């Protein structure tokens, strides 16, 4: 299996419109795509695959599915089925609405590649080195800066850009 990089893959406009219309409050999958978009590129995975052979699936898409699989506690079979059946997963993977998806065994193969030679650490290093301001940690206000009032210190307010609560708690 070889890699044919998909450079700068954007979510197809029809997929984006349908995903936003059917999930106006957002979902975990939409939230992940909107925040990790551009974090990894297929070129970052080029040395994982031989130069010739049958083209494989996009490793960026497979990495995205693995993140969603972990966040939502899905099995390989459930994750692959979600890619085929859920519009928000289709959006997260920047796929056309009629894309057939992939067999669940592809996820185990991808994780095997990820486990070799410190590759997972290299991907985390890419995240740490990311220069995209959208991915940088937000600065906390200086001490003494007035903050908006909350009804209770234990209740998180729903604010634009925060992860929607759809059964999976995401870190703040």
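The values are calculated or read from the model by the stated rules, or taken from the named source; none is laboratory data. On a predicted model such as this, the values are computed, not experimentally measured, just so you know. Don't worry about glycine lacking a Cβ; one is built from the backbone with ideal geometry, like all the others, and counts go over all protein chains shown.
Restricting attention to segment 11-55, which residues are assigned to a loop (DSSP other than H, G, I, E, B), at pLDDT 75 or above, under 13 Å from the mean Cα position of the chain (by Cα) and within 15 Å of residue 95 (Cβ to Cβ)?
Selection gives 11 alone.
Filter the helices (runs of 4 or more DSSP H) completely within segment 74-126 down to those with at least 3 residues that are touching a residue at least 60 places away in the same chain (Cβ under 8 Å).
87-92
Among 135, 154, which is within 24 Å of residue 26 (Cα to Cα), out of contact with any strand residue (DSSP E or B) (no Cβ under 6 Å at 6 or more places or on another chain), loosely packed, with under 10 Cβ neighbours inside 10 Å and modelled with pLDDT under 50?
On the way: 135 fails: loosely packed, with under 10 Cβ neighbours inside 10 Å.
Answer to the selection: 154.
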